[in-house]
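Chemist: Here it is, the structure, as structure tokens.
The values are calculated or read from the model by the stated rules, or taken from the named source; none is laboratory data. Predicted model only: the values in this text are computed from it and were never measured. Neighbour counts are summed over all protein chains in view; Cβ atoms, including those assigned to glycine, are modelled from backbone coordinates with ideal geometry.
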Amino acid sequence: MIESKLPHMGTTIFTRMSALADECNALNLSQGFPDFDAPQALLESMARHVMAGHNQYAPMAGVMRLREQLAAQLALHRHIDSDPATEITVVPGATAGIFCAVMACVRPGDEVIVFDPCYDSYQPAVELAGGRAVHVPLTPGSFALDRDRLEAALSKRTRLIMINSPHNPTGSTLTKEDLLYLEELVDRRKLLVLSDEVYEHLVFDNGIHHSALQFPGLRARSFVLFSFGKTFSVTGWKTGYCVAPEALTMEMRKVHQFVSFVAVTPVQLAVADFLQAEPDYPATLAGFYQHKRDLFCAALGNSRFKLTPSSGTYFQLLDYSAISQDPDTELCEQWTRQHGIASIPISIFYEQPPHQHFLRFCFAKSDQVLTAAAERLCEI
Ligand SMILES: Cc1ncc(COP(=O)(O)O)c(C=O)c1O
């Protein structure tokens, strides 16, 4: 009936694998969501605000009390100054924020650098804005930034670089040197940056999350996206925020106000209450998830998989090359049906997948599920 604007896109892999996991009654370590609940106080606060009648539109840029708490969080955890009035916008999920930021700055003919394997919402947003995604692979194996390949991919049309650290699907993180390098690069080439930091608090082994907001040259040119879904284990609440300099924020808000206009009111009030009462809660997440990662990795000690413990996010890659040479897309379906364990193939996050054999497993699951999943994996 209409010519598709996204002819190459089907249903996302997350939807397909979760549906298959349901159908097969498999342990679902595919889609990235926790199988446990958010802190009780946050849930109760949400219910209280709904029952108190806080159910009408919030201000377009977000409830001010929440934005003030977010500015306080940035100062507390990262020593970042931000103006809640002009630089912070509450959005209905990081995905929506990414879409609005891309729409605000990418014009037809612009090129946008994305790093493969790349979160699946980036390219469609770029294409719908009329731009072209230029894919730069991360270094195979380590999934580190490859500066030579990045420089080779830049052109006069490059407008935006999209980065993601901690990185989904690989669990790698950008180093301070990477960010210093990017800071120099975007200043030299007058580029914009979209920094997807939704897993900012999930960095392990005493590692530090380096935010683009902490580097003045990046701070001046970046949209930085965060998600309450990840931080508070409420992915279904679909709320997050964008921090950007005033001039970029103004343009992003022009799009946001006509995409969704606002984010959900009681969610904003509940998160504001919770952060005010428990400002240190986000700092507990690294230890909590590191325990889960370690449990899962240790339980796989007798398996035939090769693994390097993930340094961030709640995803663990398993290298299955000692078990099979089949494509990851086939194997993840086969294992969901045969072994009752669902994962995500990482080749689908590439424009041109290299020769490698990785599946992604989400460890934001109860200890019992992780143990049961590892037992099944050890039998393969
Ligand atoms: C890298 C990355 N960015 C963005 C998102 C989306 O966040 P939200 O659910 O807040 O839209 C996700 C969710 O999985 C993600 O992994």
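Chemist: Would you be able to say whether some residue in region 197-204 is more than 22 Å from residue 241 (Cα to Cα) and within 16 Å of the ligand (Cβ to nearest atom)? Reasoning before the result, please.
Modeler: Step one: filter region 197-204 for residues more than 22 Å from residue 241 (Cα to Cα), giving 204.
Going one step further and asking which of them are within 16 Å of the ligand (Cβ to nearest atom), we end up with none.
No, region 197-204 has no match at all.
Chemist: Determine, yes or no, whether residue 233 is at positive phi and either within 16 Å of the ligand (Cβ to nearest atom) or of a type in the set (Lys, Arg) (or both). Give the derivation first.
Modeler: On the way: at positive phi: yes; either within 16 Å of the ligand (Cβ to nearest atom) or of a type in the set (Lys, Arg) (or both): yes.
So residue 233 passes the test.
Chemist: So, one more: Identify the residue in region 23-76 that is within 22 Å of the chain's Cα centre (by Cα) and acidic (Asp, Glu) and, among all such residues, is farthest from residue 88 (Cα to Cα).
Modeler: Looking at residues that are within 22 Å of the chain's Cα centre (by Cα) and acidic (Asp, Glu), I get 35.
Chemist: Give region 236-249 a look and list any residue that's touching a Cys at 6+ places or on another chain (Cβ under 8 Å) and either assigned to a strand (DSSP E or B) or within 14 Å of the ligand (Cβ to nearest atom) (or both), or say none.
Modeler: Here is the first cut: in region 236-249, the ones touching a Cys at 6+ places or on another chain (Cβ under 8 Å) are 242, 248-249.
Correct list: 242 only.
Chemist: Moving on. Run residue 247 past the list (1) farther than 30 Å from residue 377 by Cα; (2) within 24 Å of the chain's Cα centre (by Cα) and report the number of the one that doesn't hold.
Modeler: Checking residue 247 against (1) farther than 30 Å from residue 377 by Cα; (2) within 24 Å of the chain's Cα centre (by Cα), the one that fails is (2).
Chemist: Moving on. Looking only at region 257-269, which residues are over 22 Å from the mean Cα position of the chain (by Cα) and aliphatic (A, V, I, L, M)?
Modeler: Listed by number, the list holds a single entry, 269.
Chemist: While we're looking at this one, here's another question. Go through region 161-193 residue by residue and tally those that are among the aliphatic types (A, V, I, L, M), out of contact with any Ser or Thr (no Cβ under 7 Å at 6 or more places or on another chain) and within 16 Å of the ligand (Cβ to nearest atom).
Modeler: 2
Chemist: Further question: Residue check: is residue 18 at pLDDT 95 or above and within 24 Å of the chain's Cα centre (by Cα)?
Modeler: no
Chemist: Only one residue in 284, 329 is outside any strand (DSSP E or B), farther than 25 Å from residue 119 by Cα and not aliphatic (A, V, I, L, M). Which one?
Modeler: Selected residue: 284, the only one of 284, 329 that is outside any strand (DSSP E or B), farther than 25 Å from residue 119 by Cα and not aliphatic (A, V, I, L, M).
For (1) within 14 Å of the ligand (Cβ to nearest atom); (2) in contact (Cβ under 8 Å) with a residue 12 or more places away in the chain; (3) not in a helix (DSSP H, G or I), each residue gets a yes or a no:
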| position | (1), (2), (3) |
| --- | --- |
| 31 | yes, yes, yes |
| 46 | no, yes, no |
| 54 | no, yes, yes |
| 59 | no, yes, yes |
| 65 | no, yes, no |
| 99 | yes, yes, no |
| 102 | yes, yes, no |
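Chemist: With the structure loaded, tell me whether residue 187 is in contact with a His (Cβ under 9 Å, 6 or more places away or on another chain) and either in a helix (DSSP H, G or I) or over 29 Å from residue 107 (Cα atoms) (or both) or whether it fails that test.
Modeler: On the way: in contact with a His (Cβ under 9 Å, 6 or more places away or on another chain): no; either in a helix (DSSP H, G or I) or over 29 Å from residue 107 (Cα atoms) (or both): yes.
The answer is no for residue 187.
Chemist: If you check residue 144 against the conditions, is it touching a residue at least 24 places away in the same chain (Cβ under 8 Å) and away from the ligand (no atom under 13 Å from the Cβ)?
Modeler: Here the answer is yes, as residue 144 does meet what is asked.
Chemist: I'd like the full set of residues that are out of contact with any Phe, Trp or Tyr (no Cβ under 6 Å at 6 or more places or on another chain), within 13 Å of the ligand (Cβ to nearest atom) and not in a helix (DSSP H, G or I), limited to region 219-230.
Modeler: Hits for region 219-230 are 223, 224, 225, 227.
Chemist: Cβ-Cβ under 7 Å, sequence separation 6+ or interchain: first residue in region 253-272 and among the acidic types (Asp, Glu) and at pLDDT below 95, partner buried (at least 18 other Cβ atoms within 10 Å of the Cβ) and part of a helix (DSSP H, G or I). Which pairs?
Modeler: If the second residue must be buried (at least 18 other Cβ atoms within 10 Å of the Cβ) and part of a helix (DSSP H, G or I), no pairs are left.
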